[in-house]
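Visitor: Provided herewith is a single structure, encoded as structure tokens, for subsequent inquiry.
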């Protein structure tokens, strides 16, 4: 034990740092364990879920049966395609609306700018449940319920994106913008050709936030969608609910694993840009 303590002291690990790393390991385990349980249940029979003792590995491997049952019970590929369409449509419109708004708040001097920014901050406090009824009535009046558009409409304007990109654009040098104006470039050309390319890490970070939020959203699709062929991944998981026989936990967790995998892969590829984008904005 003394040798371990001396080794940790030599490499710069004091008691405080050791305690902090142990705490972070416990937190990491608490975050990862539900995913491990999901994958573990996807590869074992449902009966093992209720065993009095916990086993780190399946006692009986039935993973192929669970995944086959999952794809047989529900059109998982269709659910993922719906989720991709909804998330991509929302993200594109959010970027097209939030980036110019954020640029104007960050670089233009006009009367009422601080009041508009205060409204943006206020909008961060308003959950989607508050305007749900007026939005539903409006969609019903226009006959656009039960469509991709109805799932995307409430999220086209993201106040969080406006706040995030405003923080990024404020740090962009004004001298470069003034020089571009002297060269005859218009404001939209300056924005999309000069300012936006420098904000790619922040855009990647927001893309991760947006896609994760709307891929996992159950509340709003449950309100506006009734057709099974339009169901996004969270709504599609309700196919595995059986009030008479109970849920088949093996196929349920197999489907959850399949529908969660795209988000995990996305984050692994965007991890470096995601961290850079967060540190650029000063948002912790």
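The values are calculated or read from the model by the stated rules, or taken from the named source; none is laboratory data. No experiment lies behind these values; they were computed from the predicted model shown. Using ideal geometry, Cβ is built from the backbone for each residue, glycine included, and neighbour counts are taken over all protein chains shown.
Visitor: When you look at residue 185, is it surrounded by 12 or more Cβ atoms within 10 Å (Cβ to Cβ) and assigned to a loop (DSSP other than H, G, I, E, B), yes or no?
Guide: Yes: the conditions hold for residue 185.
Visitor: Spot the failing condition for residue 151; the list is (1) under 30 Å from residue 224 (Cβ atoms); (2) part of a helix (DSSP H, G or I); (3) free of Cβ contacts under 8 Å to residues at least 40 places away in the same chain, and only one is missed.
Guide: Looking at each condition in turn, residue 151 falls short on (3).
Visitor: List the number of the failed condition for residue 226; all other conditions in (1) without any contact (Cβ under 8 Å) to a residue 40 or more places away in the chain; (2) surrounded by fewer than 14 Cβ atoms within 10 Å (Cβ to Cβ) hold.
Guide: (1)
Visitor: Of all residues in segment 201-212, which are over 10 Å from the mean Cα position of the chain (by Cα) and within 15 Å of residue 98 (Cβ to Cβ)?
Guide: If the condition is that a residue be over 10 Å from the mean Cα position of the chain (by Cα) and within 15 Å of residue 98 (Cβ to Cβ), then 202, 203, 204 are the ones that fit.
Visitor: Can you name the number of the only condition in (1) under 30 Å from residue 190 (Cβ atoms); (2) touching a residue at least 24 places away in the same chain (Cβ under 8 Å) that residue 83 fails?
Guide: (1)
Visitor: Here is a further query. Take residue 123 and tell me if it is surrounded by fewer than 15 Cβ atoms within 10 Å (Cβ to Cβ), under 20 Å from the mean Cα position of the chain (by Cα) and either more than 30 Å from residue 238 (Cβ to Cβ) or in the same structural domain as residue 37 (by TED's automatic domain parsing) (or both).
Guide: When the stated conditions are applied, residue 123 passes them.
Visitor: Can you work out which of the residues in segment 38-85 that are assigned to a helix (DSSP H, G or I) and modelled with pLDDT under 80 is surrounded by the most Cβ atoms within 10 Å (Cβ to Cβ)?
Guide: This residue is 48.
Visitor: Now a separate question. For segment 135-144, does any single residue satisfy the condition of being out of contact with any helix residue (DSSP H, G or I) (no Cβ under 9 Å at 6 or more places or on another chain) and either closer than 21 Å to residue 207 by Cα or part of a loop (DSSP other than H, G, I, E, B) (or both)?
Guide: yes
Visitor: Sticking with this structure for a sec: Mind checking whether some residue in segment 156-179 is buried (at least 20 other Cβ atoms within 10 Å of the Cβ) and outside any helix (DSSP H, G or I)?
Guide: yes
Visitor: So for segment 53-65 (the condition being closer than 27 Å to residue 211 by Cβ and either assigned by TED's automatic domain parsing to the domain that holds residue 234 or in contact with a helix residue (DSSP H, G or I) (Cβ under 7 Å, 6 or more places away or on another chain) (or both)), does at least one residue qualify?
Guide: Checked against the condition, which is being closer than 27 Å to residue 211 by Cβ and either assigned by TED's automatic domain parsing to the domain that holds residue 234 or in contact with a helix residue (DSSP H, G or I) (Cβ under 7 Å, 6 or more places away or on another chain) (or both), segment 53-65 yields no hits at all.
Visitor: Cβ-Cβ under 7 Å, sequence separation 6+ or interchain: first residue in segment 19-47 and outside the structural domain of residue 240 (by TED's automatic domain parsing) and over 22 Å from residue 64 (Cα atoms), partner outside any helix (DSSP H, G or I) and modelled with pLDDT of 85 or more. Which pairs?
Guide: none
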